[in-house]
Amino acid sequence: MTIRAVVTGAGHYLPERVVPNSEFEKSLDTSDEWIRARSGIERRHFAAEGELTSDLATKAARNALAQAGIDANQIDALVLATSTADLTFPSAATMVQANLGMTRGFAFDVQAVCAGFAYALSNANALILSGQAKRVLVIGAETFSRIMDWTDRSTCVLFGDGAGALVLEAQEGQGTPEDRGILSTDLHSDGRHRDILYVDGGVSTQTTGYLRMQGREVFRHAIEKLAATANAAMEKAGVTTDDVDWIVPHQANIRIIQGTAKKMGLPMAKVVVTVQDHGNTSAASIPLALSVASERGQIAPGDLIVTEAIGGGLAWGAVVLRW
Ligand code: ACO
């Protein structure tokens, strides 16, 4: 008998305000055509004034718990991937814990920027496999609109706010790739690449800072590293591209998504794409895409899914799971 961390609920939340590309034409030397052609993004959601990352995360979590049919107090651990926590401390995860009325278990944040959800899933899986938790709520939530330099057209048009959540539960499997649940994880980071994607502020510098990115350099690393980590995760899981039903990639840029699928030898018909509607929501993008795709009826129970992401650090990774 093998223990597997199986998805039993998915949910998401997007702030009400939708901002189309045309909005940026009013204040920047940019165009809807440029943004669509270079990134695939058509619109994104921005949080309202006073709407916090923990608020978005709480709403996504409630939707995932409802789908799983359980109460927050049946959760043993809450793992929240974010780079835009409400406060320096306590963790946004403990704020969500309180919002949900969850008075037992433990909660903590994971910070791996856009790879955050892959890191959070890997942590949650380890908690379940080691027997430390039977049910884990895994959330990705971000308010990247708070760290945008609105005068920098090369970054501020690319990002959005949102949250997605999964409930993972320990279930018995056969130890084969046919099992439902997380089949493998593969994580990497390389801090030498700090300067190509970072925020130029933080607690120790006593500023909040803004996101800074050398887009072309990030792009150069992305496709190669994403395809390599996805292939490594598939090998660990004992599956091949022929077995894959869906790639659910981090939604940063349609050209990165297409390039990675091509390098993996998979057609775009097998790729879940939401970047046109959400922009890049960093750690929230994968759970958002999973929840939206499940709601659309694109992904169904039993489907084999590969998720992959890369972001600041650089940090990157992939997770193979059967829905
Ligand atoms: N509107 C119009 N022109 C623009 C804009 C804009 N919003 N932004 C940049 N430009 C200009 C540039 O100034 C440049 O002009 P120049 O040639 O006169 O100097 C020209 O467009 C081309 O700029 P490039 O940076 O070479 O454009 P590129 O084709 O590389 O596209 C982009 C830029 C979209 C940022 C691309 O490099 C990219 O997607 N990179 C990966 C970034 C990414 O995905 N980051 C997130 C991953 S990690 C994470 O999720 C945090």
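The values are calculated or read from the model by the stated rules, or taken from the named source; none is laboratory data. Predicted model only: the values in this text are computed from it and were never measured. As a convention, Cβ positions derive from the backbone with ideal geometry for all residues, glycine included, and neighbour counts pool all protein chains shown. Just so you know, the surface numbers come from the protein's heavy atoms only, side chains and all, with ligands and any DNA or RNA stripped out. Shrake-Rupley method; radii C 1.70, N 1.55, O 1.52, S 1.80 Å.
Remarks
- Stretchable slack from Glu235 to Arg194, in nm (0.36 nm times residue separation minus alpha-carbon distance): 11.9 nm
- Rg to Rh quotient for segment 158-234, alpha carbon positions, Kirkwood Rh: 1.09
- Average accessible area per residue (Å²) across the chain - probe 1.4 Å, nucleic acids and ligands excluded: 41 Å²
- Think of each Lys and Arg Cβ as +1 and each Asp and Glu Cβ as -1; about the Cα centre, that makes the dipole of the chain roughly 300 debye.
- Carbon and sulfur %, accessible surface of the chain computed with the full protein complex present, 1.4 Å: 48 percent
- A Förster radius of 51 Å combined with the Cβ-Cβ distance from Thr103 to Thr151 puts the calculated FRET efficiency at roughly 0.70.
- Flagged links, alpha-carbon separation over 31 Å, of Lys59/Lys236; Lys59/Lys263; Lys26/Lys270; Lys26/Lys225; Lys225/Lys270: Lys59/Lys236; Lys59/Lys263; Lys26/Lys270; Lys26/Lys225
- Across all C-alpha atoms in segment 209-296, the radius of gyration and Dmax reach 13.5, 44 Å.
- In the chain, a dipole from Cβ-located charges (positive for Lys and Arg, negative for Asp and Glu) runs towards its positive end, and of Ala85, Ser31, Gln171 it is Gln171 whose Cα lies farthest in that direction.
- Among Asp303, Asp242, Asp55, the largest mean-square fluctuation in a Gaussian network model of the chain (Cα springs under 10 Å) belongs to Asp242.
- Converting phi to 3J(HN,Hα) with the Karplus coefficients 6.51, -1.76 and 1.60 and the offset θ = phi - 60°, segment 89-103 yields 7, x, 4, 4, 4, 6, 5, 5, 3, 5, 4, 7, x, 8, 10 Hz in sequence order, with x at every glycine or proline.
- Secondary structure note: in segment 1-152, about 30% of the DSSP beta bridges are antiparallel.
- Charge context of Pro20, other residues only, Cβ under 10 angstrom, K/R +1, D/E -1: -2
- Residue among Val275, Ala300, Tyr198 farthest towards the positive dipole end of segment 181-322, charges placed on Cβ: Tyr198
- The chain gives an Rg/Rh value of 0.95, both radii derived from C-alpha positions and Rh following Kirkwood.
- When the trypsin sites (Lys or Arg not before Pro) in segment 102-138 are filtered for DSSP coil states and for at most 16 other beta-carbon atoms within 10 Å of their beta-carbon, the remaining sites are Arg104.
- Net charge dipole, segment 1-134: roughly 540 debye, given to the nearest 20, about the Cα centre with Cβ charges of +1 for Lys and Arg and -1 for Asp and Glu.
- Binned Cα-Cα distance frequencies in segment 116-176 - 10 Å width, integer %: 20, 34, 22, 16, 8, 1
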